[in-house]
Amino acid sequence: MAMKTELRCLPCFFGQVSRSLHHAGVNGDRGRAIMRMAEAIIERAALDDVPARTTTLIHRMVRGQTGSDPYAAVKREYNRVALALLPALQAMAQESNDRLEAGVRVAIAGNVIDFGIYDTVDLDRSVEDSFRLPLVPDVFRLFSDKIRASRRILYLCDNAGEIVFDRVLLDILRAMGKDTLAVVKGAPVINDATLDDARDAGLVQSSAIMDNGSDGIGTLLETCSPAFLDAYRNADVIISKGQANYETLAGECDERTFFLFKVKCPVVAEHLGRPTGDIVLLSRATAQG
């Protein structure tokens with residue numbers, strides 16, 4: 001079942017504008033004027049559509065009005081922080097009895113690096129939680145079976161910094177002989193990874209990479225490039241990282257898609273029947289996770 005915008009989403013929209021203006025160094029009358037522009041967008045938000053469509057419009061407007069990528073410095077910083085952790089994360093996966101499962105858990109742990117929702121993050125706690133909390137066994141078995149039977153894997157990335165965590169899973173998939181294509185955004189939006197961020201994080205060492213041609217939050221297929229859509233159609237398995245990708249792709253009900261993320265939002269938590277802070281490996285084929 002596709003997600004829809006709820007009234008509880010509206011304060012979050014305003015919070016995203018406030019955080020973006022803070023990162024852009026915009027305050028005072030100019031900040032108030034931009035907030036009013038955001039208010040006009042939020043007033044027109046379609047409650048029968050996914051929240052990501054409204055937030056895409058909001059962040060596009062903020063970037064246009066500030067003339068900057070508000071999260072550029074944050075993205076560089078968290079790529080640096082995550083790269084310092086990479087050897088330890090790789091060791092955790094290599095020492096595991098099930099490297100594929102460990103890679104999934106590492107990748108989910110990195111999903112906490114989300115400045116559309118958080119002001120600060122605790123990466124050590126996120127890794128600990130990701131290895132402590134359970135995955136649904138039937139869903140992981142299905143995921144493992146699908147991966148082993150596949151050749152072409154499309155990996156939809158989420159945030160800068162997080163993509164370093166993704167490298168652990170991508171390296172495991174590559175060691176299994178899989179052809180992986182990691183996809184980032186075509187233009188800056190929040191702290192989502194772009195090609196520049198992917199290069200900064202060394203993602204090219206772990207996978208082929210491309211951008212989706214879009215500045216949309218999540219994966220809004222109608223805004224993506226023909227090259228991305230061709231890769232999307234021809235993938236055997238799609239690994240989709242993050243809540244926004246879940247928001248925008250869950251309604252496709254594509255049995256090739258597996259969603260990996262941390263539950264960070266009460267609306268998503270209620271939609272899934274899961275507590276905030278939980279880890280999710282979700283298959284549309286089983287409607288479980």
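Readers should treat all values here as calculations from the given coordinates under stated rules, not as data from a laboratory. Note that this is a predicted model, so its numbers are computed, not measured. Note that each Cβ is placed from the backbone with ideal geometry, even for glycine, and that neighbours are counted across all protein chains shown.
Quick one: would you say Glu77 is farther than 30 Å from Pro137 by Cβ and among the acidic types (Asp, Glu)? Yes: the conditions hold for Glu77.
One line per residue, one yes/no per condition, for (1) surrounded by fewer than 15 Cβ atoms within 10 Å (Cβ to Cβ); (2) out of contact with any Pro (no Cβ under 7 Å at 6 or more places or on another chain); (3) not β-branched (Val, Ile, Thr):
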residue	(1), (2), (3)
Asp122	yes, yes, yes
Val127	no, yes, no
Pro134	yes, yes, yes
Ser144	yes, yes, yes
Asp171	no, yes, yes
Val184	no, yes, no
Val189	no, yes, no
Thr194	no, no, no
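Scanning region 41-85 for residues that are more than 30 Å from Leu7 (Cα to Cα) and among the aromatic types (Phe, Trp, Tyr) yields one hit, Tyr78. So in region 257-271, with the set limited to residues that are crowded, with 18+ Cβ neighbours inside 10 Å and free of Cβ contacts under 8 Å to residues at least 40 places away in the same chain, which one is nearest to Ile153 (Cα to Cα)? The selected residue is Thr257.
Right, Ile163: part of a helix (DSSP H, G or I), within 25 Å of Pro87 (Cβ to Cβ) and among the β-branched types (Val, Ile, Thr) or not? So Ile163 fits the description; yes.
Looking across region 22-58, the residues that are closer than 18 Å to Gly116 by Cβ and touching an Asp or Glu at 6+ places or on another chain (Cβ under 8 Å) come down to Val50, Pro51, Ala52, Thr56. Filtered by the rule that a residue be in a helix (DSSP H, G or I), touching a residue at least 24 places away in the same chain (Cβ under 8 Å) and either over 28 Å from Glu77 (Cα atoms) or not aromatic (Phe, Trp, Tyr) (or both), region 2-21 gives Cys9, Leu10, Cys12, Gln16, Val17, Arg19, Ser20, Leu21.
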